[in-house]
Amino acid sequence: MRNLYWGVDSATDVDQALYACVVANFGQPDFWGRYLTTVPNVNEGLTREEIAFLQGVGIKLMPIYNDFSEALGYTQGRVAARNAIFHAQRLGITGDIFIFANLENFFNIDADWLIGWADAFVDSSFRPGYYNDPIEGDFNEAFCEAQEQSENVRFQTVLWSAEPEPGVTTKANTPVYNPEAPECGGNVWAWQYGRDAAACPIDTVLMEERLFNSLF
């Protein structure tokens, strides 16, 4: 039986009020997904103070990077990854930590970008992940092509799936772990199973222990 951990992600910064809202309505998160940089009209960027707050209440950080407008081309994939790594280091994030490229709402994705993202992590202390929708959009086809072409993609990357979407639950009432994978498989170690909770501005996520152990 696999060990699973429950957490949330949010576009807004985590302060005492949001944390209290989540705990009161859903339970104590084991981890929290947050974006490394601010993208205007999309999300607020992570701060060192926020990281200290999360760690102070015993919550691990799941870093996400989304400061790019399309996921096309090898060079652009490498650039995005290097920027993600830079911002993680700027925030004091260290260790063998996964950083997830947010590709969930992207229809412009190609294999070259995915390979570039994975390759840029080889010489860093961080590890590459893809937050994705394997059903809608171009990720499924692009990932399967990238996996055929690249050992880094095939063996080093981890997938965080946004499908299926049974809906937000409390920590005590999570669904059976059953994330959707691309047609060619992949290391699907996390699942965002519920989004846009009514009580607090968060999504709900389950992940396997092997990914939880590689969070900050």
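The values are calculated or read from the model by the stated rules, or taken from the named source; none is laboratory data. Small disclaimer: the values here were computed from a predicted structure and weren't measured. With ideal geometry, Cβ positions are generated from the backbone for all residues, glycine too; neighbour counts draw on all protein chains shown. Just so you know, the surface numbers come from the protein's heavy atoms only, side chains and all, with ligands and any DNA or RNA stripped out. Shrake-Rupley method; radii C 1.70, N 1.55, O 1.52, S 1.80 Å.
A count restricted to the stretch 4-58 and to residues that are in contact with a strand residue (DSSP E or B) (Cβ under 9 Å, 6 or more places away or on another chain), modelled with pLDDT under 95 and exposed (fewer than 13 other Cβ atoms within 10 Å of the Cβ) stands at 1.
For residues that are open to solvent by less than 40 Å² (accessible area, probe 1.4 Å) and more than 11 Å from residue 126 (Cβ to Cβ), tally how many sit in the stretch 74-86.
Step one: filter the stretch 74-86 for residues open to solvent by less than 40 Å² (accessible area, probe 1.4 Å), giving 77, 80-81, 84-85.
Of the ones still in play, those that are also more than 11 Å from residue 126 (Cβ to Cβ) are 77, 80.
Result for the stretch 74-86: 2.
Taking the stated definitions as given, is residue 154 charged (D, E, K, R) and either open to solvent by 70 Å² or more (accessible area, probe 1.4 Å) or without any contact (Cβ under 8 Å) to a residue 24 or more places away in the chain (or both)? Working first, answer last.
Numbers: charged (D, E, K, R): yes; either open to solvent by 70 Å² or more (accessible area, probe 1.4 Å) or without any contact (Cβ under 8 Å) to a residue 24 or more places away in the chain (or both): yes.
Answer is yes for this residue.
Of everything in the stretch 61-73, what is touching a residue at least 12 places away in the same chain (Cβ under 8 Å) and either out of contact with any Ser or Thr (no Cβ under 7 Å at 6 or more places or on another chain) or open to solvent by less than 40 Å² (accessible area, probe 1.4 Å) (or both)? Give them in sequence order. Correct list: 61, 62, 63, 64, 65, 66, 68, 70, 71, 72, 73. Within the stretch 1-33, the set of residues being small (Gly, Ala, Ser) and over 17 Å from residue 50 (Cβ atoms) comprises 24, 27.
Assessment of the stretch 163-179 against the conditions (open to solvent by less than 10 Å² (accessible area, probe 1.4 Å) and under 18 Å from the mean Cα position of the chain (by Cα)) yields no matching residue. Within the stretch 89-124, if we keep just the residues that are polar (S, T, N, Q) and not in a strand (DSSP E or B), the residue that is least open to solvent (accessible area, probe 1.4 Å) turns out to be 124. Scanning the stretch 10-50 for residues that are part of a loop (DSSP other than H, G, I, E, B), free of Cβ contacts under 8 Å to residues at least 60 places away in the same chain and either closer than 18 Å to residue 99 by Cβ or touching a Leu at 6+ places or on another chain (Cβ under 8 Å) (or both) yields 13, 14, 37, 38, 42, 44, 45, 46, 47.
I'd like to know if the stretch 51-60 contains one or more residues that are assigned to a loop (DSSP other than H, G, I, E, B), in contact with a Ser or Thr (Cβ under 8 Å, 6 or more places away or on another chain) and more than 20 Å from residue 197 (Cα to Cα). The answer is no, given that none of the residues of the stretch 51-60 is assigned to a loop (DSSP other than H, G, I, E, B), in contact with a Ser or Thr (Cβ under 8 Å, 6 or more places away or on another chain) and more than 20 Å from residue 197 (Cα to Cα). Checked against the criterion of being assigned to a loop (DSSP other than H, G, I, E, B) and at pLDDT 95 or above, the stretch 74-86 contains not a single residue that satisfies it. Examine the stretch 151-169 for a residue that is closer than 23 Å to residue 81 by Cβ and touching a Ser or Thr at 6+ places or on another chain (Cβ under 7 Å), and state whether such a residue exists. There is no residue in the stretch 151-169 that is closer than 23 Å to residue 81 by Cβ and touching a Ser or Thr at 6+ places or on another chain (Cβ under 7 Å).
Scanning for something free of Cβ contacts under 8 Å to residues at least 40 places away in the same chain and farther than 29 Å from residue 50 by Cβ, does the stretch 90-106 turn up at least one residue? Steps first, please.
Our first condition is that a residue be free of Cβ contacts under 8 Å to residues at least 40 places away in the same chain; within the stretch 90-106, this holds for 90, 101, 103, 105-106.
In the following step, the residues that additionally are farther than 29 Å from residue 50 by Cβ were identified as none.
Within the stretch 90-106, none of the residues are free of Cβ contacts under 8 Å to residues at least 40 places away in the same chain and farther than 29 Å from residue 50 by Cβ.
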